[in-house]
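See structure below.
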Amino acid sequence: MTSILSNVTATAASRQLTITSQGMQQTIERLTTGKRINRASDDAAGLTNADQFDAEARTANQNVQTDNNNFFAAQAKDGYLSEATTQVQRLVELYAGGNGSSSEATQVLSNANNAMTKAGSGTLTISSLSTATAALATIDTARSGFAATMASNQSAANLSGIEAENATAQKSNVMDANIGNEVVNLTKWQILSQAGTSALSSANSSSQYILALFR
């Protein structure tokens, strides 16, 4: 039925154009931000999951940093003990040569203990060839402990790194826009917008045909 009071066709066309406009705006926003979810209304459940994955990734990355710090700290202490080993080996030579009471021996022992102190591994008391040899075993034991610490922290850092990668990938899967799909969507919305605008114009002008009945 033709009516001059209610142009239902034009109203429907206008409503559909609003839907098309909203779809185009969302697609353009996704293309410009690179994100599929830009607000909670886009995907509330997905946003919640993405935030959780982001928190997991941040925690894992922090753990990597902490583990690496512990690794380098142990590595530094092992370096100090390496120097202590060098000094004690010199003491072994001095005692073996009968020079254990020389001023050089006193200085070398001081150097060794300075390195031990920096490593937090106590001090050495060396007064003979046998105690110098025993000191080497003591240092080696301490170095073994630091080696275990380095290996443990290196492994932990690797595992945390894998966890961070996985969590980041999961977040990306939820949050990131599929650019290819969005480009296709943009073309679709552009065509619908042009067609809808033309249809609305036709719907609005259709009521003008009623005037012809009075001529």
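Since every read-out is calculated from the coordinates, none of them should be taken as a lab result. These numbers were taken from a predicted model, which means no experiment stands behind them. Cβ: placed from backbone, ideal geometry, glycine included. Neighbour counts: every protein chain shown.
The table that follows gives values for the structure above.
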{"item": "Ranked list, fewest to most other Cβ atoms within 10 Å of each Cβ, for Thr27, Thr133, Thr18", "result": "Thr18, Thr133, Thr27"}
{"item": "Interchain or long-range residues, amide H under 5 Å from Asp176's placed H", "result": "Arg36"}
{"item": "The range 1-73-the range 122-152 distance, computed between alpha-carbon centres (Å)", "result": "60 Å"}
{"item": "Radius 13 Å from Cβ of Gly100, net charge of other residues (Lys, Arg +1; Asp, Glu -1)", "result": "-1"}
{"item": "Ascending count of other beta-carbon atoms within 10 Å, so fewest first, for Leu31, Leu200", "result": "Leu31, Leu200"}
{"item": "Alpha-carbon Debye profile of the range 43-176, log10 I(q)/I(0) at 0.10, 0.11, 0.15 Å⁻¹", "result": "-0.50, -0.55, -0.73"}
{"item": "Shape of the range 42-115, Cα gyration tensor, a/c cut at 1.5", "result": "prolate"}
